[in-house]
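Here's the structure we're looking at; comments come further down.
The values are calculated or read from the model by the stated rules, or taken from the named source; none is laboratory data. Since the model is a prediction, treat every value here as computed from it, not as a measurement. Neighbour counts run over all protein chains shown; Cβ positions are idealised from the backbone, glycine included.
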Amino acid sequence: MREGQIYQLKGVVQHYSWGGYDYIPHLLGRKNEDKIPHAELWLGAHPKSSSYIVTENGEDRLDRFIQTFPHNVLGQKVISRFKENLPYLFKVLDARNMLSIQVHPTKKQAEEGFARENDSGIPIDAPHRSYNDTNHKPEVHVALNDFWMLHAFRPAKDIENIIKNIPEFRPLLSIFYADGVEGLYKHIMRLPQENVDSMLNPLVKRLRGENPQHRDDPDFWALKAFDDFPQPENRRDRGIFSIYLLNLVHLQPGESTFQDAGVLHAYLFGTTVELMANSDNVLRGGLTEKYIDIDELLKTVKYEGHKPEKSIGEVISYAERVYKTPAIDFELSKLTLFPGEAFQNAQSKSPEILLLLNGQISVSDHFDSHAFDRGDTFFSPACTSYKITALANSTLFRAKVPF
């Protein structure tokens, strides 16, 4: 490894069934004639799917490269806080279909859950495992196009009105009055399946007759969920209740939300850039065929209702807009450069990953100048200076640790 050098980084594509067919292949300059779902592009050093770094000796896994040169790559400040680990995972996510209702644990809960499942002898790749690592997973994302998602419980008054105005849900009103949002959600998640079906079957029949067409209407997503998540023996997915209980959020390009531990959420449709703590711990609450650990889910969820907070970021220079969060693991920013403009970092104490979303740039480090086109990514080790010069209108997203 040469100190003062940047490196091209090659991400790993995840082909989950809900992924889109076009955005990520086009970003990477690949054809996808067979319509293989391209759901996520992972840029980072998660052991499940580490990116590859291009060095003078060929390609190497980024996680292995970090293990070989931890102090040179991560820097002392990152090591003192996160040991010899890159603390974040950077993604491009393209959702053609709805993702599961989900929540992420706290750091303490992840450590305890991972140890407990290991002690129980549950294989790390077992489908009924809840904890894949010992880390929490707060996450921030910035929409790249019109993007729909569910985010946190609605305020209690809004939930009361929804229950009143959906005739199929009226049997839930007494539960809500007696036990509030928390009691209502726990009741729904533990309802016998026949009770779930008795409420949702009339709902789907009514929605098929009404045929809602607008993505800003929860009924649209509920009807889509009935079709996308069929259950054996014509059972209904109880995650459909969450479509009404959670805030339905429509983000415009450039808008973002932050999902902390305990915030129930789901991505429904659209393309986004996402930055999170380096973890793959997910506890699911419906709209999925995967394992649902109801007890672990219910003790993780935050039940406070509130209106979602959208952010457009904070402009900190002519070129950079930062999407700040309370997370200490990561910071996401967007760089916008016109032809001939330059952006220079000042020996960041953090390792950085920069994705060129569109345009063409030249990046100079201590040794050389490197050309990058749309879809390319480069990795800058800690304490490395670089200068980006735009050769065309260019947009980059920058991931680092905030210091």
Pick out the one residue from ILE388, ILE328 that is more than 30 Å from GLY183 (Cα to Cα) and part of a loop (DSSP other than H, G, I, E, B).
ILE328
Just to check your reading of the model, which residue among ILE353, ILE361 is of a type outside the set (Ser, Thr, Tyr), more than 23 Å from HIS141 (Cα to Cα), in contact (Cβ under 8 Å) with a residue 24 or more places away in the chain and crowded, with 21+ Cβ neighbours inside 10 Å?
ILE361
Could you list, ordered by first residue, the pairs with Cβ atoms under 7 Å in which the first is in segment 303-323 and on the phi < 0 side of the Ramachandran plot and the second is surrounded by fewer than 17 Cβ atoms within 10 Å (Cβ to Cβ) and assigned to a loop (DSSP other than H, G, I, E, B), at least 6 apart or interchain?
GLY305/PRO155; HIS306/PRO155; LYS307/PRO155; ILE312/GLY254; GLU314/LYS324; ALA319/GLU341; VAL322/ILE316
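Might you let me know whether segment 38-45 holds any residue that is surrounded by 14 or more Cβ atoms within 10 Å (Cβ to Cβ), more than 27 Å from LYS83 (Cβ to Cβ) and either β-branched (Val, Ile, Thr) or in contact (Cβ under 8 Å) with a residue 12 or more places away in the chain (or both)?
Taking segment 38-45 first, the residues surrounded by 14 or more Cβ atoms within 10 Å (Cβ to Cβ) are 38-45.
Subset that is more than 27 Å from LYS83 (Cβ to Cβ): 38-39.
Then drop every residue that is not either β-branched (Val, Ile, Thr) or in contact (Cβ under 8 Å) with a residue 12 or more places away in the chain (or both), which leaves 38-39.
Within segment 38-45 (the criterion being surrounded by 14 or more Cβ atoms within 10 Å (Cβ to Cβ), more than 27 Å from LYS83 (Cβ to Cβ) and either β-branched (Val, Ile, Thr) or in contact (Cβ under 8 Å) with a residue 12 or more places away in the chain (or both)), the answer is yes, since at least one residue qualifies.
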If we keep only residues of segment 331-350 that are part of a strand (DSSP E or B) and in contact with a Gly (Cβ under 8 Å, 6 or more places away or on another chain), then the residue surrounded by the most Cβ atoms within 10 Å (Cβ to Cβ) is SER333
Taking the criterion of being surrounded by fewer than 20 Cβ atoms within 10 Å (Cβ to Cβ), assigned by TED's automatic domain parsing to the domain that holds GLY286, of a type in the set (Val, Ile, Thr) and modelled with pLDDT under 95, would at least one residue in segment 126-134 satisfy it?
yes
Tell me the residue from VAL196, VAL140 that is on the phi < 0 side of the Ramachandran plot, in the same structural domain as ASP280 (by TED's automatic domain parsing) and surrounded by 13 or more Cβ atoms within 10 Å (Cβ to Cβ), please.
VAL140
Of everything in segment 303-324, what is over 18 Å from the mean Cα position of the chain (by Cα), under 26 Å from VAL181 (Cα atoms) and surrounded by 15 or more Cβ atoms within 10 Å (Cβ to Cβ)? Give them in sequence order.
TYR303, GLY305
Is it fair to say ASP34 is farther than 28 Å from ALA327 by Cα, free of Cβ contacts under 8 Å to residues at least 24 places away in the same chain, among the acidic types (Asp, Glu) and surrounded by 14 or more Cβ atoms within 10 Å (Cβ to Cβ)?
no
Identify, please: which residue in segment 143-180 is free of Cβ contacts under 8 Å to residues at least 24 places away in the same chain and charged (D, E, K, R) and is, among those, surrounded by the fewest Cβ atoms within 10 Å (Cβ to Cβ)?
LYS157
Would you mind finding the one in LEU337, LEU391, LEU355, LEU396 that is outside the structural domain of LEU275 (by TED's automatic domain parsing), within 20 Å of THR55 (Cα to Cα) and not acidic (Asp, Glu)?
LEU355
The listed residue being among the aliphatic types (A, V, I, L, M) and over 20 Å from the mean Cα position of the chain (by Cα), out of LEU391, LEU357:
LEU391
